[in-house]
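Trainee: Take this structure first; my questions come after.
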Amino acid sequence: MTHWFHRNPLKATAPVSFNYYGVATTPAATKICNDLRTSRMRLLELFTDLSTNPDMMKNATDSYFSLLKGFIASLDDSSQDSKLRYIQNFKWTDTLQGQVPSSQQDAVFELISMGFNVALWYTKYASRLAGKEDITEDEAKDVHRSLKMAAGIFRHLKESHIPKLITPVEKGRDLEARLIDCYIIQCQAEAQEVTIARAIELKHNPGLIAALAYETANFYQKADQLLSTLDPTYSIKWRKYLQLKSCFYMAYAYCYHGQTLLASDKCGEAIRSLQEAEKFFAKAEALCKEYGETKGPGTTAKPSGHLFFRKLGTLVKNTLEKCQRENGFIYFQKIPAEAPQLELKANYGLVEPIPFEFPAIHAHWTPESLAAFDLTKRPKEDSAKPKPEEDVKPMKEPDIKPQKDTGCQIS
C-alpha cells in the first residue's frame, strides 16, 4: 500500500494515584482505587508501545473505562451522576497546543480525554500498518477498520459526552466541535484512500474510482475549512496536509474521469480533464514542499518522495499522452477551454464511522462498594488536586520513520 498520513501528537496527562485515604473505607473500595490506578497506567503505556494491537487496546480500554464509569454513572441506570464524579482533578494537554494543559475536577473530562487518545491510537496504528512495505489484504482491512473505529469514537465523544461537561469547552482546543469534526472527516477520508487503492488494484470502473476520489478530495477540503478559523501557529502544518491531499485526490478524480470520457469517445474533453489533473497534481506537489518546510505539531516527512505520490504523476502523464495520440490519429476533436464539471457521486465505497459505546460499568461497582466511599471523610484541602507547578510530561511516542516504499500493493 502506498499511503502516507499526517498524525498529530497524543495528548499527555498528569499521573493520577486514586488514593483516597479515609474516603475509601473498605477493602473492596480500596481495590477499585488500586485497579483504577494500574489500569490507567497500563492504558497509557500501550499508547506508545509499538507491539500494541487492537485486541490489546480493547482489553485495556474496557478494563479502565468500566471502572471509571463508577465515578460517572449511577448504578441504577438513572440520569443521576455518581457521587464520585467530582472527587478527582484530571489534567490533560492538547494535540495542537502542545504542553499547555487543561484541568477539570470531573471524571467525564477524564473519560473524554482518554477516549480521545484511544481514537488517536487507532489512527496511528492504521498509519503504521499502511506504511509497511509488504502489506497483506487482511492488514489493509485492519487499516480501513481502525480508521472507521477512530471516527466512531470521535463522533461518540462529540455527541454523547462532551455536552455533559460542566466547564465549557475552550475554543481552539481538542474538544471543540471544529477540531473533533476535522478528526472525524480526516479518518473517513483516509479510510476511503484505502478503498480507492483497492479499486485501482482490482481495475474497477474508472467512473467509480473518479467518484470516490472526488468525494475524498471534498472530505479533505471540508476538513481544511474547519481549521481555517484557528490560530495558524497551531493549525498550519495540519492544514497543508489536508490541502495537499485534497489537490492530490482532485488530480485522481480528473485523471480517471478523463479515462471515462475517452471510453465514451469524448477525446477532446478527456484531454481537458487530464490537463486539469496535471494542474491539481502540480498544486499538490507544491503543497508537499510547503508541508515539509512548515513547522508545527505532527509528523514530519517528505510526501512528494513517497511512491503513492510519484505513481499518480506518472499515471496522469501517460494517460494524457495516450489521449493526445488518440486525438491526433482518430478523433481530431477540439479541446474545450473550460475543464469538465465534476458532478460525481459514488454509490459504493463511501466510509461511515463504526458506532462506538463505552463498556458497561464494572462488576466491582455494587451499592455496597459505592457506599464504602465516604465523602465526609475528605480532607479540607483536597490533596487529590495536582499542585499548580506540576508539569505534564509529553508522551514519548516512538520515532516512526517513513519506510521505503517498494511499490508492493494489496494482494
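Trainee: Restricting to Cα pairs below 8 Å that are 6+ residues apart, what does the relative contact order work out to for region 84-195? Please round to a whole percent.
Mentor: That works out to 26 percent.
Trainee: Top mean-square fluctuation among THR13, THR299, THR167, Gaussian network model of the chain, C-alpha springs under 10 Å?
Mentor: Per the Cα network of the chain with a 10 Å cutoff, THR167 tops the list.
Trainee: I want to verify a result. In a Gaussian network model of the chain, Cα cutoff 10 Å, which of these has the top mean-square fluctuation: SER79, SER102, SER235?
Mentor: SER79
Trainee: What order do LEU208, LEU165, LEU147 take when sorted by accessible area (1.4 Å probe), most exposed first?
Mentor: Correct descending sequence by accessible area is LEU208, LEU165, LEU147.
Trainee: Restricting to Cα pairs below 8 Å that are 6+ residues apart, what does the relative contact order work out to for the chain? Please round to a whole percent.
Mentor: Worked out over the chain, it gives 28 percent.
Trainee: I've got another one for you. Could the peptides 261-269, 187-195, 366-374 be put in order, highest first, of the mean number of other beta-carbon atoms found within 10 Å of their residues?
Mentor: Ranking the peptides 261-269, 187-195, 366-374 by packing returns 187-195, 261-269, 366-374.
Trainee: Hey, how many Å between the Cα centroid of region 71-130 and the Cα centroid of region 197-253?
Mentor: Each part reduced to its Cα centre gives a spacing of 29 Å.
Trainee: Considering only DSSP states other than H, G, I, E and B, which chymotrypsin sites (Phe, Trp or Tyr not before Pro) in region 12-92 qualify as loop sites with at most 12 other Cβ atoms within 10 Å?
Mentor: Those satisfying the criteria are TYR21.
Trainee: Still on this structure: So what's Rg/Rh here for region 142-226, counting alpha carbon atoms and using the Kirkwood radius for Rh?
Mentor: Rg/Rh: 1.09.
Trainee: Roughly how compact is region 1-116, stated as its Cα Rg over 2.2 N^0.38 Å to two decimals?
Mentor: Here the Cα radius of gyration is 1.19 times the empirical estimate.
Trainee: Determine, from the Cβ-Cβ distance of THR26 and MET395 and an R0 of 45 Å, the FRET efficiency 1/(1 + (r/R0)^6), rounded to the nearest 0.05.
Mentor: Here the calculated transfer efficiency is 0.80.
Trainee: Take the alpha carbon gyration tensor of region 217-307, find the square roots of its eigenvalues, order them as a ≥ b ≥ c, and report rounded if a/c is under 1.5; if not, report prolate when a/b exceeds b/c, else oblate.
Mentor: Here region 217-307 falls in the prolate category.
Trainee: For region 180-256, which trypsin sites (Lys or Arg not before Pro) are both in a DSSP coil and crowded by at most 11 other Cβ atoms within 10 Å?
Mentor: LYS203
Trainee: Then there is this: Would you work out what percent of the accessible area of the chain, with all protein chains in place, is carbon or sulfur (probe 1.4 Å)?
Mentor: The computed percentage sits at 52.
Trainee: List the residue ranges in the chain for DSSP H helices whose C-alpha atoms run 24 angstrom or more along the long axis and whose Kyte-Doolittle average is 0.0 or above.
Mentor: Helices meeting the span and hydropathy rule in the chain are 107-130, 177-201, 206-227.
Trainee: Do any chymotrypsin sites (Phe, Trp or Tyr not before Pro) in region 229-262 lie in a loop, going by DSSP, with at most 15 other beta-carbon atoms within 10 Å of their beta carbon, and if so which?
Mentor: Sparse-neighbourhood loop chymotrypsin sites (Phe, Trp or Tyr not before Pro): none present.
Trainee: Moving on. Taking N as the number of residues in the chain, what value does Rg over Cα atoms divided by 2.2 N^0.38 Å take?
Mentor: Normalised Cα radius of gyration, the chain: 1.15.
Trainee: Count the net charge of all other residues whose Cβ sits under 11 Å from the Cβ of GLU290, scoring Lys and Arg as +1 and Asp and Glu as -1.
Mentor: +3
Trainee: Hey, another quick one. Skip the ligands, DNA and RNA, and give the accessible area per residue of the chain with a 1.4 Å probe, whole Å².
Mentor: Here the residues of the chain average 47 Å² of exposed surface.
The values are calculated or read from the model by the stated rules, or taken from the named source; none is laboratory data. This structure is a prediction, so every number in the text was calculated from the model and none was measured. Neighbour counts are summed over all protein chains in view; Cβ atoms, including those assigned to glycine, are modelled from backbone coordinates with ideal geometry. Protein only, heavy atoms only, side chains kept; ligands, DNA and RNA dropped before computing areas. Shrake-Rupley method; radii C 1.70, N 1.55, O 1.52, S 1.80 Å.
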